[in-house]
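First comes the structure, then the notes that go with it.
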């Protein structure tokens, strides 16, 4: 009776588990079965920081779910609103590669002096850290730019106005000055003013854009590359300063082969690595260009532009635009108007631009002055296409969203980097020649959804890519195979490398301030599975007694059917397990017509591994093997169920 109850309990538990799994994966609707959606995460967060010139103001860093922005409301409320709590001169943003912390630089003004500080914001809770003081100084040298390290999520880099570059460990709140370009630059300068910063996707090189004053009074625009392993050996490329205001924004292509900037009058570009000397920068005339970024696929450059127009009566009004061009054809410009100030008294300030990690949408911050002179901050969404030299409209303004008043003059936008999926799967295995099924629905993803599953079944068959999280496969022969799935999410993030041509396999690629995406080996999962054959050897008359098992592999609690052939008619045969500590069950059966059928139980608990069935006193009979696998596994051994982005000018 005890044995019968245990068998019944195992059967009932199995049925309950199957019902739970079935209900979790499907829903009956109108007599049809609706399959559940692929694993899905949350929406990325868009952080916007207000940047003020009035030192009496207090800045805010607000976070908005992108799904709320994409719905196109006329106004939007933040899910996080973080006050810095001190007078601010400059505010810039970046986000760590694991999307865990937003990094903010801010300058406190007091009696004409500055204290450059760095703050972090927990992206999950919105809690702000204490200030990490980078440089208490009596000089007029505020921090001007920040970038996070794509290779080390605990590091950030900041540069101040006079070209001093710092490394900040945001875990330990320690600050180290790396170099001073005002002293060690290869150009002879009386003064250097640094404006912008980018870090390569391998975390090995920092790029700083600056304006310099030569001893003869001339001005130069310069871009420096600083090898972080040897920061005293920077490389500088420069040209005589043009009509612009100095290169106020930098963006790297994800493959690290080109760098772009803008100075208020032109977009400039250079091939990497830099070679010291005066250079004929690639230039595209673009009045009002103050912020630049590169799309995550590295094909297009996007520029935030503010154009000033003076009427005949001397009134100035502004229009805000985003202009884009293909990197392979920089002379080709596609322009889409964001907004024209209808009232002649309205004015627009240049704002930041940033691209979503999937490359489909650009966000632009703009501040307009109302007819009464009050500043009104806006966030525009622009749908993106792939610009080509042949032209044609590829960009379109989708929405203009009024931001909270605390973000007047939005100075920076940063978007949480996309994270690779965490892959896993379970298997329900069949005999060779029959379809086995694999289910990756227990996989997880932080943002978006998992949209692609590439399966390698380890048996020499071609890989198979599915849009859904389940697949079936027929193994032609018995054996042990390694099954692998590689998952890709809706932003295109998967296993390393994150993009073709990236310098390192763990690259978090992007324009140099905030990564676009973080590839991870966790997007790949593999398991060994054992497939058994259903074919039984042909027993010819006169051959030795023969035993066969069905199934030949399973967890504790399995009921194993033993079939005997070619035994003496009328004989009583004892069938039992031979393995020590195996299930202590045995059955005595009487042979009829040379054969018999009997069942043995794998008890719970029981040792895992192989064990043999024997026919006692029949030494010539074969000893077939049964493989006991963990009870969290289906037969065969599968597991149980349960790049950088520009942040402003």
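No value in this document is a laboratory result; all are computed from the given coordinates. Remember, predicted model here, so these are calculated numbers, not experimental data. Positions of Cβ are backbone-derived with ideal geometry, glycine not excepted, and every protein chain shown enters the neighbour counts.
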- Note on the structure: One finds, for residue 597 and residue 572 with R0 = 25 angstrom and r their Cβ-Cβ distance, a FRET efficiency to the nearest 0.05 of 0.95
- Evaluate the distance, in nm, between pseudo-label points positioned 7 Å from the Cα of residue 482 and of residue 398 along their respective Cα→Cβ axes. 4.1
- Note on the structure: Here the FRET efficiency for residue 543 versus residue 585, based on Cβ atoms and R0 = 30 Å and rounded to 0.05, is 0.60
- With a point put 7 Å past each Cα toward its Cβ, work out how far residue 177 is from residue 74 in nm, to one decimal. 5.3
- Applying the gyration tensor rule to the Cα atoms of segment 556-628 (axes a ≥ b ≥ c; rounded if a/c under 1.5, else prolate if a/b exceeds b/c, else oblate), the class is prolate
- Message: Need the full-extension length gain, residue 271 to residue 309, defined as separation in residues times 0.36 nm minus the C-alpha distance. One decimal, nm.
- Response: 10.3 nm
- Item | Contour excess over end-to-end distance, with Cα ends at residue 152 and residue 428 and 0.36 nm allotted per residue | 95.4 nm
- Quick one: P(r) of segment 121-237 from all Cα-Cα pairs, 10 Å bins, percents rounded to integers, in order of increasing distance. 14, 44, 30, 10, 2, 0
- Between residue 526 and residue 459, how many nm apart are label points set 7 Å from Cα along the C-beta direction? 1.8
